[in-house]
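Some notes on the structure that comes next.
The values are calculated or read from the model by the stated rules, or taken from the named source; none is laboratory data. On a predicted model such as this, the values are computed, not experimentally measured, just so you know. For neighbour counting, all protein chains shown are included, and Cβ atoms are generated from backbone atoms with ideal geometry for every residue, glycine included.
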Amino acid sequence: MTVQELIKLGITVSLVALVFALGLKAATGDLLYLVKRPGEMIRSIISMNIIMLIFAVGVALLFPLAIEIKIALIALAVSPVPPILPGKQTKAGGTQSFALSLLIVASIAAIALVPISIGIVGSLFHAEYYMPPARVLRPVLVTVIAPLLVGVLVRRLLPALAARIAGPISLFAVILLVVAAIPVVFTSGVTFWGQVGNGVIVLLALFTALGVFVGHLLGGPDPDDRTVLALATGTRHPAVAMAIASLNFPDEKAALAVMLWHLVIGAIVSIPYVRWRRALHDKAATVESDRQTNRVGR
């Protein structure tokens, strides 16, 4: 096995372990959160898969950008939520049930929406772009659906074991992901920084900023749900985006670097929003705690 294959395996294992750990902390009701709220589900799909795709296609049509930047933006716009996102969403004060439900709903929806969206984009650009559902199914099934459902099943059957191992598995997954991703980030960094003059950083930052704004706007009346959808709309699954690019543009390696660095730049751009939402969430929790204490005191 080559070093590159080991790195790829390490990243896959870390993502699977991370989502499995999320499942160990989740209940069946968490996964059905959006199923019971069809209006919120529709708004989430519109936010993530329609508005952001319109933005990406509009940018590609109106501006004379390098082909790799156009490819990256469109591929990211149609990709689902990354497996590492729910932890960030809940730490920012987001609703855990919404975060986990959105992860699995967006992943399942992507199996149909990605091929349809790529076909529409191909017709707009008068090109033969395509993405078989099976190519979307594999990364989504391996890194999201299967480990999450297995984790929920273990929690249901062996709750004590699930509570005991969730923390260590999550920690192992994070460490493995960092170790495996560092060489990839540095290797792709050379290619990525060669595109800086083409406006790639500005566009990736704008993609995340617009996604956060749109998701927050369409997140509904619950402030915590707004936090979840905002971060989900501004951040996407790089593996699915890379699969789209590799299939339709196998020679455009720079596009893969742009997609990978989207996670880094997106994380930086969303820091102010995450801090703001966490502060509001903590303040609301403190007010509610004081209210409950006063009720008991009376």
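For the reader, a short list of remarks on this structure follows.
- Residue in the range 81-103 that is closer than 29 Å to Val200 by Cβ and either of a type in the set (Asp, Glu) or touching a His at 6+ places or on another chain (Cβ under 7 Å) (or both) present: yes
- All of (1) small (Gly, Ala, Ser); (2) surrounded by fewer than 24 Cβ atoms within 10 Å (Cβ to Cβ); (3) modelled with pLDDT under 85 hold for Ser97 with one exception: (3).
- Of the helices (runs of 4 or more DSSP H) that lie entirely inside the range 183-253, those containing 2 or more residues that are modelled with pLDDT under 75, surrounded by fewer than 20 Cβ atoms within 10 Å (Cβ to Cβ) and out of contact with any strand residue (DSSP E or B) (no Cβ under 8 Å at 6 or more places or on another chain) span 238-248.
- Cross-chain or 6+ apart pairs with Cβ under 8 Å, the range 262-286 first and modelled with pLDDT under 85, then of a type in the set (Asp, Glu): His281/Asp224
- Scoring Leu18 on the criteria (1) part of a loop (DSSP other than H, G, I, E, B); (2) in contact (Cβ under 8 Å) with a residue 60 or more places away in the chain; (3) not small (Gly, Ala, Ser) leaves a single failure, condition (1).
- Residue match in the range 39-58 (condition: under 18 Å from the mean Cα position of the chain (by Cα), in a helix (DSSP H, G or I) and acidic (Asp, Glu)): yes
- Leading residue by the ranking (modelled with the lowest pLDDT) among those in the range 14-47 that are of a type in the set (Val, Ile, Thr) and more than 21 Å from Ser79 (Cβ to Cβ): Thr28
- Options Leu85, Leu124, Leu102; residue that is modelled with pLDDT of 85 or more and either of a type in the set (Ser, Thr, Tyr) or at negative phi (or both): Leu102
- Hits in the range 218-235 (condition: farther than 13 Å from Met48 by Cβ and over 14 Å from the mean Cα position of the chain (by Cα)): Gly220, Pro221, Asp222, Pro223, Asp224, Asp225, Arg226
- Any hit, the range 106-122, residues being closer than 30 Å to Ala285 by Cα, crowded, with 19+ Cβ neighbours inside 10 Å and not charged (D, E, K, R): yes
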